[in-house]
Amino acid sequence: MLLKRSSPLFTAQGAADEAIDLLLDHLQYESQKVGVKSSIIDKEPIHRVISGLLEADDAVEQTSSDTVSSHAAIRVIDAFLVPKFRFDPIKKQFYQHTGGLSVHGGSSAKSALYKDRYLLLFQRISHDQHFSKPAFDTEMSHYGSCEIAPIQSLVGQTGRRWVMGVISQFEDGHFYLEDLTASVEINLSKAKITTGFLSENTIVVAEGEMLLDGIFQVFTCGFPPLEDRDKSLKLLGQHDFFGGGTLTKEETLRLAELENRAVNAMFVILSDIWLDSEEAMGKLETVLDGFEIQEVVPSLFVFMGNFCSHPCNLSFHSFSSLRLQFGKLGKMIAAHPRLKEHSLFLFIPGPDDAGPSTVLPRCALPKYLTEELQKYIPNAIFSSNPCRVKFYTQEIVFFRYDLLYRMRRSCLMPPSTEETADPFEHLVATITHQSHLCPLPLIVQPVVWNYDHCLHLYPSPHTIVLGDKSEQKAFKYTGITCFNPGSFSNDNTFVAYRPCTQEVELSAL
């Protein structure tokens, strides 16, 4: 039997092409095992390959039928269980951190935090053809090339140079650009900036010229360019940055097929559910009543904090009352039998909820508060903030934090309005280009040094949910779906999200 890629058999598109490529790869492997180097393949290896694929398909089919019924299509990943990877600039590859990670890191962990953020973006920009060194030193090779120069090399140089570094403020009150080699004071007064919030701790790519007084005059300043998700995955090989486990090509194809069939799957996301507010609880019951009578109930309800109208700080003395209010919420959910049986309920703490500290990432709500609710809803999931959800092949990140307000206050200069004047779009551009959920100065928002990787957004996820008390918004940026469900207790807003089509339905009572 002679198989050719030009055959009409290979004119199908999409999953059919991938399945046929997979079949040819298996045939090639079987042929190599028996030492066949000819393009002509006999019946026996074809029979073995097809039999093996059919057996695997039957096994996956049986597993998938059990999976759908047990909600295993949705996997929630706690931030503290996300694997940690570091980039080796010498070998130019990632390696996984082994061993435990202490919450109380030493001083070296703080410097490693900045180094890891920088190297993550540096290896990303090294794949961009516009910022890579030309292969041959010819006039044509310099066309459109903006090679990144180490800051240390600026000393004694004239003319314009491209550099990449972290914006830092030293004790003298001036701003500097810092990379792994050196730091240089910068002047942004004449800089043309691109979309996004430029603040301290953000990593930027800048074009400028070294002045005689040792200050780097910046003419153009922006964030490192994004890298396509598929390109990132090819470069990373089998590394699991998301924490959902690695999949073979066969498993990915099968899950993609199941995902395409799940057209009725829907996530309902609500932020700011104040359990101590009768008005908010009444509105929540209205929402649950509405979904209870739907033909197909939502697959997942995501309840994001804050769960109390008052901050649960040192002056808060009503924890026993809050515990009872969680119990009332559980009783309310249990009064909707279809939702209780067929939907999952995920709870993510807010910035003012009870917990050991306000440092990110935040651990799940204390068991003391949630025990009463779990009596009614035993399969309720209480996760960290941020947390990650894997839906078949899709990767979704949930983050509850009033980020827009903080980013605007920390901004060094007004963002450019050339492309957009919408603050939410600037926020989305900032976190996606920085590949970090909260690129704020640590003095503004502390981060557990050893767990900063939990806030990374690399490779880019399919969807980012930013629970914020600001206005409800949705924005698709470079293929990444981002939305803010709004504040349910304040604005009566929430979102119904269909992961199969990445459709965002901005809803309100």
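Read-outs: derived from the displayed coordinates by stated rules, not from any lab. Source: prediction; values computed, not measured. Backbone-built Cβ (ideal geometry, glycine too); neighbour counts: all protein chains shown.
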Problem set entry | Mean Cβ count within 10 Å, highest first, over the residues of peptides 261-273, 312-324 | 261-273, 312-324
Exercise. Considering only DSSP states other than H, G, I, E and B, which trypsin sites (Lys or Arg not before Pro) in the stretch 73-136 qualify as loop sites with at most 13 other Cβ atoms within 10 Å?
Worked result: LYS91, LYS92
Problem set entry | Alpha-carbon Rg with Dmax, taken over the stretch 222-364, Å | 19.8, 55
For this session: Mind sorting GLU419, GLU227 by how few other Cβ atoms lie within 10 Å of their own Cβ, fewest first?
Result: GLU419, GLU227
Problem set entry | Long-range HN-HN contacts of CYS146 with modeled amide H, under 5 Å | PHE131, SER132
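Pop the C-beta distance of LEU314 and ALA149 into the FRET formula with R0 = 51 Å and round what comes out to the nearest 0.05.
After rounding to 0.05, the efficiency reads 0.55.
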Exercise. Cα gyration tensor of the stretch 131-222, axes a ≥ b ≥ c as square roots of the eigenvalues: rounded (a/c below 1.5), prolate (a/b > b/c) or oblate?
Worked result: prolate
Problem set entry | Under 5 Å, built H, 5+ apart or other chain: amide partners of THR220 | LYS192, GLU207
For this session: Rounded to whole Hz and in sequence order, give me ³J(HN,Hα) for the stretch 209-223 from the Karplus expression 6.51 cos²θ - 1.76 cosθ + 1.60, θ = phi - 60°, writing x for Gly and Pro.
Result: 9, 7, 8, 5, 7, x, 9, 8, 7, 8, 9, 9, 9, x, 7
For this session: For the stretch 84-240, just say rounded, prolate or oblate: build the C-alpha gyration tensor, square-root its eigenvalues into a ≥ b ≥ c, call rounded for a/c under 1.5, and beyond that prolate if a/b exceeds b/c, oblate if not.
Result: oblate
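Taking the Cα centre as origin and putting +1 on Lys and Arg beta-carbons and -1 on Asp and Glu beta-carbons, what dipole magnitude results for the stretch 223-277, to the nearest 20 debye?
Roughly 260 debye, rounded to the nearest 20.
Give me the dipole magnitude in Debye, nearest 20, for the stretch 94-227 about the Cα centre, with unit charges on the beta carbon: positive for Lys and Arg, negative for Asp and Glu.
Charge dipole of the stretch 94-227: 260 debye, to the nearest 20.
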For this session: Determine the alpha carbon to alpha carbon distance for each of LYS84/LYS340; LYS115/LYS190; LYS84/LYS375; LYS110/LYS249 and list only those over 32 Å.
Result: LYS84/LYS340; LYS84/LYS375; LYS110/LYS249
For this session: Counting only DSSP beta bridges with both residues in the stretch 131-222, tell me the antiparallel percent, nearest 5.
Result: 80
Problem set entry | Alpha-carbon centroid distance for the pair the stretch 400-467 / the stretch 311-336, whole angstrom | 31
For this session: Hey, can you grab everything whose amide H is under 5 Å from the amide H of LEU198? Only 5+ residues off in sequence or another chain; H modelled, so Pro and N-termini drop out.
Result: LEU412, MET413
Problem set entry | Calculated over the stretch 408-509: convex hull of Cα atoms, volume per residue (Å³) | 128
